[in-house]
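This report refers to the structure that appears directly beneath it.
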Amino acid sequence: MPMKRSLATAAFLAATHQHVSAAKSEEPLVFDPSIYPTTAHMVQLTGDEDVIYTGTIPTQFGTLTDAFLFQISDHALTGTLPTQLGNLEKNQYGIFVNGNSLTGTIPTELGKATLATYAVQLQENQFRGAIPTQFGQLTGLTSGLGLYANSLESTLPTELGNLEALEGNLLVQENRITGTVPTQFGQLTELTHGLGLYSNKIEGTVPTELGAMTKLQEGMYLAYNRMKSTIPTQLGQLTGMTANMVMNFVEFTGTVPTQLGRLTRMTAGLSFNNNALCAELPAEVAALERQLDAWEWESNKLGEPCELSGDAAAAAAAAAAANEEGEEEDSCAQTSQCFEHSCQYWDAKNGKDDAMCDRFGVSLAEYGCDCSGCACNSAVEAAEAQARRVEEAKAARVVEAAAAVAAAA
C-alpha cells in the first residue's frame, strides 16, 4: 500500500507539477528550415500553442548553433533527446523539454551548454539512467536544474556541487536515485527556492554541510528515502527558511536537535513523521507549532528513552567495567564512532578549528553514542587532560615507592 504523502509534500507537488489541461488538436513536430534557418536565435514552444506537438524531436534542431534558447515544453513528444542538441554551445538561456514523454538517457552532450545562465529543465519525462556528471560544467545556471519526476537511476553526481551560482532550485525528487547526498551540495550557498530530493532510494547520513545553505527560503525536501541517520544540528542554521522542511519517512534516529528551534521564520510546515526519533521534543522546537500550518511528528518514539546502538552499548559497558576497577577512562574515547563526530577529530582532519561545531556545542551523544554528553573540543580535551593527570599521579606514586624502598635500604 503506498505511503500517504504529508500535507507539506503535497503542497510542494502542487507547486512544481504543472500540466496542460485544455483540449487541443495534435500534430507531429517537424523541422521547417523556413521557420528555423541555421541563423535562428531561438526555439520556443512553451505549451501555450494552439496545438500539442507529438512525435520525436528532429535531430536537425542541432544545426541551430546560434540559438540562445531551446524550449519545447509541455507537449507530447516521445523518443530520445537528440545528442545533437549539445551543438547549441552558444545557448545562453537554457534547455527546456519538461512536461513531455521523452525516454532514454540524458545526453552528456548537454553539458557543453556552458554559457547557459538560466536553467535546464528536463523534469516530468521518462528519462532513465544516470544524471550526467557533465552537468557540473553548467556553472552559470542561476534559476534552476529540474530533473524530477523521471526514472533516473544513478547516484547524485558530486559535480552538481559546482553549480554555486544557482539561486533558484535543485529538484531531483521522484526518481530512483541511490547512493548518498554529496557533501559538495553544501557549496550551493546561493540556493533560495528549494532542494528537492524526496521519493528516491537515497541512503547514508544527511550531510552537515547542508547547513551552509543559509539563503534557503522555500523548502528542503528529503522525505521518502532511506537515510538512517540523526538530524544534523547544522540544519538549525537555515534561519531564512519560511516554507517547509519535509523529512518524513527518512528513517531518522536519535534526538531532535534544539537548534531547529531557530527556524522562527517558518510558517508552512515541519514534517518529521514516520521516523524513529526519540526522547522529548525540545521546548525550543515545540514552540514553533503555533506558527506553522503543518506540524507532523507522528509515528516516532518521542517521549521514549533513546536506545543505544550496539557499538555504543558495548562502549558504555566497557567504561562501566573500567570504572568499577577504579580506573578513570574517557567514555568518548571508547567508541570510535563517537570520536569521529567530535570536533577534535575534524580539527585534526581539516587542519583547522571547526568554529561551527564549537559554536553549537554539538553533543557526541546526539549521534547515538553513549558519550556522557561530551561536547566538542572542550570535553575531549578535558578528558585527555584528566587522563594525563591520572598517568602523572601513577608515575608519581611509582617514584615515591622507589624512593621509599631506597630510603629503607
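The values are calculated or read from the model by the stated rules, or taken from the named source; none is laboratory data. Predicted model, so just to flag it, every value in this text is computed and none were measured. Cβ: placed from backbone, ideal geometry, glycine included. Neighbour counts: every protein chain shown. With ligands, DNA and RNA removed, areas are computed over all heavy atoms of the protein, side chains included. Shrake-Rupley method; radii C 1.70, N 1.55, O 1.52, S 1.80 Å.
Restrict the check to the range 175-193 and report whether at least one residue is in contact (Cβ under 8 Å) with a residue 60 or more places away in the chain, buried (at least 19 other Cβ atoms within 10 Å of the Cβ) and touching a helix residue (DSSP H, G or I) at 6+ places or on another chain (Cβ under 8 Å). No, the range 175-193 has no match at all. Of all residues in the range 107-133, those that are of a type outside the set (A, V, I, L, M, F, W, C) and within 20 Å of N200 (Cα to Cα) total 9. Applying the criterion of being in contact with a Gly (Cβ under 6 Å, 6 or more places away or on another chain) and under 13 Å from L110 (Cα atoms) to the residues of the range 128-173, the residue that is most open to solvent (accessible area, probe 1.4 Å) is Q137. Checked against (1) over 19 Å from the mean Cα position of the chain (by Cα); (2) part of a loop (DSSP other than H, G, I, E, B), Q134 passes all but condition (2).
When we screen G104, G136, G99 for residues that are modelled with pLDDT of 95 or more, out of contact with any strand residue (DSSP E or B) (no Cβ under 7 Å at 6 or more places or on another chain) and more than 30 Å from V206 (Cβ to Cβ), the only hit is G99.
Return yes or no: is G211 open to solvent by less than 10 Å² (accessible area, probe 1.4 Å) and within 28 Å of L81 (Cβ to Cβ)? Walk me through it before giving the result.
Details: open to solvent by less than 10 Å² (accessible area, probe 1.4 Å): yes; within 28 Å of L81 (Cβ to Cβ): no.
Taking the combined requirement at face value, the residue does not satisfy it.
Set side by side, the residues T242, T255 differ, and just one is of a type in the set (S, T, N, Q) and under 21 Å from T189 (Cβ atoms), which is T242.
Looking across E27, E49, one residue alone is open to solvent by 20 Å² or more (accessible area, probe 1.4 Å), of a type in the set (D, E, K, R) and assigned to a strand (DSSP E or B). It is E27.
For the range 52-73: of the residues being among the aromatic types (F, W, Y) and in a strand (DSSP E or B), which is surrounded by the fewest Cβ atoms within 10 Å (Cβ to Cβ)? Going through the qualifying residues, I end up with Y53.
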